Amino acid sequence: MAEGQSLPQFRLLPMKAPDIHMTRSDDGAIYLTPRQAPGARPTTIPHCLDERAAQHPDRPFLRERDTQTDEWNTLTYGEAKAITDSLAQAFLELGAGPDAPVMILSGNTTRSAMVILAAQKVGAPAAPISVPYSLMSTDYEKLKHCFGAVKPAIIFAEQYKPFRKAIAALGADDCRIFSADPGGENTVRHYDELATTAPTSAVADAMARLSDSSIGKYLFTSGSTGLPKPVPTTQGAMCSMIGGQEGLRDDARDPEHDPDQVHNVLDWLPWNHISGSNVNFNGAIWNGATFWIDGGKPTPALFPQTIENIRDCSPSSFGTAPIALAMLADAMEADDTLLHAFYRNMRSIGYGGATLSDDLYDRLQALAIKATGRRIPIITMYGATETQGVTVVHWEAERVGLIGLPLPGMTLKLVPNGVKLEVRVKGPSVMQGYLDSPKTNAEVFDEEGFYCLGDAVTFVDAERPEKGLVFDGRVGEDFKLSSGTWVSVGTLRPDFVAACSPLIFDAVIAGQDKDFASAMVWPSQAIMEQYVKAADNDPDKALQAFTNEVAKKAKAFNAGEPGSSRRIKRLLVLTEAPSIDAGEITDKGYVNQRLVIDRRADLVKGIYASPPADGVVQL
């Protein structure tokens, strides 16, 4: 866009303007509470499903691409109610209940959704487990830990054969196992058999006993700080988060709002985390939306599936990790048909899990202007497994990095911690505590009952809190150089990754008590494949050429940074992928900065050796 030319208007978000109450205590703590009250919410998630089925039984609820025919299979709201009633009856007969959960090992599928909802109908907590714990792990340590924590009565694996070894490792002799493809195992019940069970009044009776305190799910933390911790997620917590979002809703503000238009959601985020499960999936039910299950993921092998799904779906909302948005921007810049399919019905783009770079924000807005003549709101929600959604950007923001302001019903407490403001939260969607973990629970809540997230934030403008909060990294990730200068990893790391884009997909920043900061980076798989091809399949030659290009980008980044806390002086390209078994990376793609540095201490030592180890680039 030419210099001085005004930017096009945003498509308006149908949300209320920020209105926040701020108080300060004598000890320096800051309390933020929205003036908006929570809005309408469902009684429970299963009740919400049944209500939507009564209102529009023939409306498509779930769509999933058939891997054999490549066609979309559709399940309506009415069909979903019937199947979940049948499964709920079967679960009761198999012994499921409030103290006998249903564990789901397979990923996002129509059948997995039915199992999760059916379990909740009879008060049996659903426990969806990260798929890599079964299919990518070699020791099954995290899977066995999760199994031992919740002690399920029933285990579901859509395809039994891929999960056979994992299930055998559990020693689940007392569990009932069922699958849509039992693979000839006589001990494994068939999904279709259970899904056609004739429901009795026992299902309705069980639903009538559900309350806010009923545990709907056991969701496990990502395991980025040790073994995954089980979080009892109540119906009240899930529904209160919906109520918080409804308290901000203002459809009248959107001149294009059509109450009869069906909202299309396309989403890949795993259902064992709150974003995919409690925000996107539960939100789709509440809004009577059609949820398109995206079999793609932000990897070179699977992202083409997401692109094809966008062409078919033309979603009205799309939320994902920044790395996926970068891959999508690359594709849309080269394909106008995809560009228009993506933006045709788009109301807002959401991101989470990492900070969106300024460069990527500008690219997405330029594409939105090209496709629609205006900008699109790019928003985020901040939260944790323990808290559900805490804050949201509910206005048309002109910048990235914001995490917004607290949802109605929530109170943020910002506590001075060194040079940071540490985030704590209290509200109806916050957990009461981890399952069977009294010692840990005593440590994670403060004296006022606020949950301590371990993150830090800063104000856009401390005198005008309504402008929102900016994520300021993990309190425990920042470190001091030998000079006493603080390095803010939470801001340096995403900025450095963005500067080296698209060559690398992530980095960790080292340098505690050292004279300077350094970076260890992972190559983008797709980019590295191009370098190997250009080097006539010589991996050593390709790595050297790749490293040289990353070094050039790193030097350009340093040239624009005035202080030592923002300059990377040495660089190492990592050839070993981050390990999910070791907890270096989660299934959402979050890299654990501290654990990577500890696990790869020898590499860090080599970076700071004099002279540095082989492969280390001095910038």
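We did not get these values from a lab; they are worked out from the coordinates using the rules stated. On a predicted model such as this, the values are computed, not experimentally measured, just so you know. Positions of Cβ are backbone-derived with ideal geometry, glycine not excepted, and every protein chain shown enters the neighbour counts.
Expressed to the nearest 5 percent, the antiparallel share of DSSP beta bridges inside the stretch 177-287 is 60 percent.
Each label point was placed 7 Å from the Cα along the Cα-to-Cβ direction; for Glu93 and His257 their separation is 4.6 nm. For the Cα atoms of the chain, what angle does the longest principal axis make with the long axis of helix 45-55, in degrees from 0 to 90, nearest 10? For helix 45-55, the angle is close to 70 degrees. The GluC sites (Glu not before Pro) of the stretch 528-588 that meet both conditions, a loop assignment by DSSP and at most 11 other Cβ atoms within 10 Å of the site Cβ, are Glu576. Neighbour counts of C-beta atoms inside 10 Å place Ser483, Ser240 in the sequence Ser483, Ser240, starting with the fewest. Based only on other Cβ atoms within 10 Å, what is the fewest-to-most ordering of Cys452, Cys239? With the fewest neighbours first, Cys452, Cys239 line up as Cys452, Cys239.
For the chain, what class follows from the C-alpha gyration tensor (a ≥ b ≥ c being the square roots of its eigenvalues): rounded when a/c is under 1.5, otherwise prolate if a/b is larger than b/c, else oblate? Don't jump to the answer; show the numbers that get you there.
Details: a/c = 1.43, a/b = 1.32, b/c = 1.09.
Judged from the Cα gyration tensor, the chain comes out rounded (a/c under 1.5).
I need the shape label for the stretch 387-431. Rule: rounded when a/c is under 1.5, else prolate if a/b > b/c, else oblate, with a, b, c from the alpha carbon gyration tensor. Because a/c hits 1.5 or more and a/b fails to exceed b/c, the stretch 387-431 counts as oblate. Beta bridges assigned by DSSP with both partners in the chain are antiparallel in approximately 60 percent of cases. For the stretch 391-401, backbone phi angles converted through the Karplus equation (6.51, -1.76, 1.60; θ = phi - 60°) give residue-by-residue couplings of 10, 8, 8, 10, 9, 7, 7, 8, 9, 9, x Hz, Gly and Pro being listed as x. Extending 7 Å from Cα along the Cβ direction at Lys439 and again at Asp538 yields two label points whose distance is 5.6 nm. When Asp66, Asp330 are sorted by how many other C-beta atoms sit within 10 angstrom of their C-beta, beginning with the fewest, the order is Asp66, Asp330. Per-residue ellipticity at 222 nm computed for the chain from its helices equals -10000 deg cm²/dmol, with DSSP H segments shorter than 4 residues left out and the rest contributing -39,500 (n - 2.57). Go ahead and collect, in residue order, the members of the stretch 451-492 whose backbone nitrogen is under 15 Å from a label point 7 Å along the Cα-Cβ direction of Leu619. Those under the cut-off are 487-492. For the stretch 127-220, the list of trypsin sites (Lys or Arg not before Pro) that fall in a loop by DSSP and count at most 12 other C-beta atoms within 10 angstrom reads Arg209. Can you tell me the orientation of helix 303-313 relative to the chain, as the angle in degrees between its alpha-carbon axis and the longest Cα principal axis, to the nearest 10? Rounded to the nearest ten degrees, it is 60.
Placing a label point 7 Å from the Cα of Ser211 along the Cα-to-Cβ direction, the residues of the stretch 32-69 whose backbone N falls under 18 Å of that point are 42-47. Relative to the dominant Cα principal axis of the chain, helix 358-372 is inclined by about 60°.
Step through the table entries Lys142/Lys605; Lys229/Lys426; Lys217/Lys297, compare each Cα-Cα distance with 22 Å, and write down the pairs that go over it. Table pairs above 22 Å Cα-Cα are Lys142/Lys605; Lys217/Lys297. Sequence-ordered 3J(HN,Hα) estimates for the stretch 237-243 from the Karplus curve with 6.51, -1.76 and 1.60 and θ = phi - 60° stand at 5, 5, 6, 5, 5, 4, x Hz, glycine and proline given as x. For the stretch 491-499, backbone phi angles converted through the Karplus equation (6.51, -1.76, 1.60; θ = phi - 60°) give residue-by-residue couplings of 9, 5, 4, x, 5, 5, 4, 4, 5 Hz, Gly and Pro being listed as x.
A cut-off under 11 angstrom between Cβ atoms defines the neighbours of Phe496, and their net charge, with Lys, Arg +1 and Asp, Glu -1, is +1.
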